[in-house]
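Working notes for the structure below.
Read-outs throughout are calculated quantities, based only on the coordinates presented, and are distinct from any laboratory measurement. Only a predicted model underlies this, so the values are computations on that prediction, with no experimental measurement involved. A quick note on method: Cβ atoms are made from the backbone with ideal geometry, for glycine too, and the neighbour counts reach across all protein chains shown.
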Amino acid sequence: MKKDRCLMLCAIFVIFISMSLSGCGDDGDPGSLRVRVVNEDGKEIANSTVVLGNPDGSMVTFGTTDETGIIRFQNPPNNATVTAAIDCQGYSYVYYFLAVAYDVNISEVTLMLYDCGDGSDSGTLNVNVADGLSGIVWREVTVGGLTYGGGSYSFSLYVGSYFFQSDGKFSVVAVGYDANDNPVGYGLLLDQTFYDGITVDVTIDKTDLGQIEYLMQNIPESAMGYVLLNPITRKDADTYVFSIWGEAPVPSSVNLPYILDFGDSYSFIAILDTDRDGDGTIDSEIGVHKKSLTQSSQIFDFSKTPLIPTSLAFSMTKPDCPTISWSGRDASSQFIKISLSSYITSPTESYFSYSFILPPSRTSIVFPELPETLAAFRPTGYQNLDISTYNYDIYSGYDDYLRKTDMYYSGTYEEPAELAFAFSETGISEP
C-alpha cells in the first residue's frame with residue numbers, strides 16, 4: 001500500500017569508556033573562540049560543559065556556558081576540536097547528549113544539543129475525525145512530523161514542542177482514503193492553542209487536491225527501494241502529509257497529491273535505499289532534498305549525490321581514544337555528519353546520543369578527551385553508527401557551513417527560501 005510515512009531524521013550518538021586525563025596543549029593562534037550551545041529550537045542552553053581540544057582530540061581546557069549559552073576561550077589551537085555536552089532526566093531514561101565540531105578555524109561557532117525540557121510543552125492531543133465525503137475507508141491524522149492512521153475515527157497523539165509552529169500553536173491535517181489507498185479528500189484545523197489532553201474535531205470535506213510530478217534520473221542499479229515526500233512548512237513547522245514509497249524497481253515518474261493553500265513553503269525529497277556492496281541487503285541510502293516557496297514538479301538527478309563512504313569502522317586503538325574511520329572522500333561536499341548512539345539498562349536506564357561534524361577532507365576522527373566531570377560520557381562501544389556526506393548549494397565549504405549555522409542561531413542569517421542539497425548515508429550496527 002502507498003501510505004504516508006513520517007521521515008524523522010535525527011543524528012544520534014553514543015559510547016562509553018574509561019578515559020584517563022592527559023591534558024595536551026598547543027600554543028595555538030592568538031585570538032578567541034566564542035562557542036554558543038543551543039537546543040533544537042534554538043534556545044540557549046546554560047550550564048552545558050564545553051571542551052576545547054586539539055585536532056587529535058586531546059583536551060586543552062574546558063568550562064561551562066553562561067545564562068546566554070555562551071563560553072569564550074582564548075588562543076584556540078588551529079583546527080580546534082570543540083565539544084559540548086549535557087545530561088538530563090527524561091520520562092524513563094537519563095539522557096546524555098554530546099556534539100562535536102572538528103577542525104574549527106573560525107572565531108564563532110554554535111553547537112546544537114537535544115535536551116529533555118520540562119514537559120510543560122508536551123502532552124496528549126486527541127483528534128476526532130468526521131467523514132464529510134463518501135467512499136472513505138481509512139483515515140490519517142497528521143500534526144507536524146507525526147502521523148497516525150487506520151480505520152478509526154478517533155486518534156490520540158503524544159506531541160511535543162518540535163511539532164508546533166513558530167507561534168506556539170499547532171495545525172491538524174486529516175486525510176481520508178478509499179479502498180485502493182487513493183485520497184478521497186482532506187480536512188484542516190489551523191492554528192490551535194495546545195494544552196495537555198485537548199480534544200479537537202476535524203471534518204474531511206475538501207477535495208481540491210493539487211498534483212505534482214517527481215521525475216527520477218540516473219537511478220543506480222543498486223537501488224532496492226525508494227521514499228518520495230513532499231513536506232509542507234507552515235509557520236516553520238514541517239507537516240508530512242503525502243508520500244509514496246516502495247521496493248525496486250524505482251519508477252522514473254511518480255505523481256504526488258498536495259494540499260492547496262496550507263503551507264508557506266514546500267520541500268521535495270527523494271530517497272533511494274541502496275545495496276552498495278551487492279550482498280542483497282540495504283546498507284546505505286542516497287537522496288536529494290529541495291525547498292521552494294511554490295509547489296511544482298521536480299527532477300531528481302541521483303548522479304549528483306555524494307559518494308557513499310565505505311569501510312566504516314569503530315576501533316579502540318587506545319583505551320581512552322576510540323577512533324572512527326572510513327574510506328572515500330567527495331570533494332564536492334561541504335561537510336560530514338557522524339552519529340553514534342547506545343543505551344544501557346544498568347545501573348540506570350540511560351540513552352546516549354553523540355553527533356560529530358567535520359570537513360569532507362577527513363577519513364577518521366578520534367573521540368575527544370573529556371574531563372572527569374564528563375566521565376559518564378566516555379565510550380566503550382556503540383550500538384548504531386552512521387555517517388552522512390552533504391552537498392548544499394548554499395555553502396561554499398566547511399567553514400562557510402559552520403559560519404552560517406552560527407549566524408542562523410544568532411539571528412543574523414536566514415536560510416534561503418530556495419535551496420537544494422544532496423546526501424549519502426551508510427551505517428553499521430554493533431557487531
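Okay, here's what the table says:
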| read-out | value |
| --- | --- |
| Cα-based convex hull volume of the stretch 59-153 per residue, rounded to whole Å³ | 190 |
| Stokes-Einstein diffusion coefficient of the chain, Kirkwood radius over Cα pairs, 37 °C, 0.692 mPa s, in µm²/s | 142 |
| The stretch 163-219 - percent relative contact order, Cα under 8 Å, separation 6 or more | 30 |
| Distance in nm between pseudo-label sites at Met407 and Ala46 (7 Å out along the Cβ direction from Cα) | 3.0 |
| Convex hull of the stretch 89-230 built on C-alpha atoms - directionally averaged projected area, nm² | 14.2 |
| Cα convex hull volume per residue for the stretch 286-356 (Å³) | 172 |
| Rg followed by Dmax, in Å, when the stretch 310-431 is reduced to its Cα trace | 16.5, 49 |
| Residue order, fewest to most beta carbons within 10 Å, for Met112, Met407 | Met407, Met112 |
| Length released on extending from Leu307 to Ile198, taking residue separation times 0.36 nm less the Cα-Cα span | 34.5 nm |
| Acute angle (nearest 10 degrees) that the helix 398-410 long axis makes with the longest principal axis of the chain, alpha-carbon atoms | 70 |
| Difference of contour (0.36 nm per residue) and Cα-Cα distance, Leu293 to Ser315 | 3.4 nm |
| Residues Trp326, Trp138, sorted so that the one with the fewest Cβ neighbours within 10 Å comes first | Trp138, Trp326 |
| Segment Gln383-Asn128, length gained on full extension (0.36 nm per residue, minus Cα span) | 87.9 nm |
| Peptides ranked, highest mean first, by Cβ atoms within 10 Å: ranges 270-278, 345-353, 158-166 | 270-278, 158-166, 345-353 |
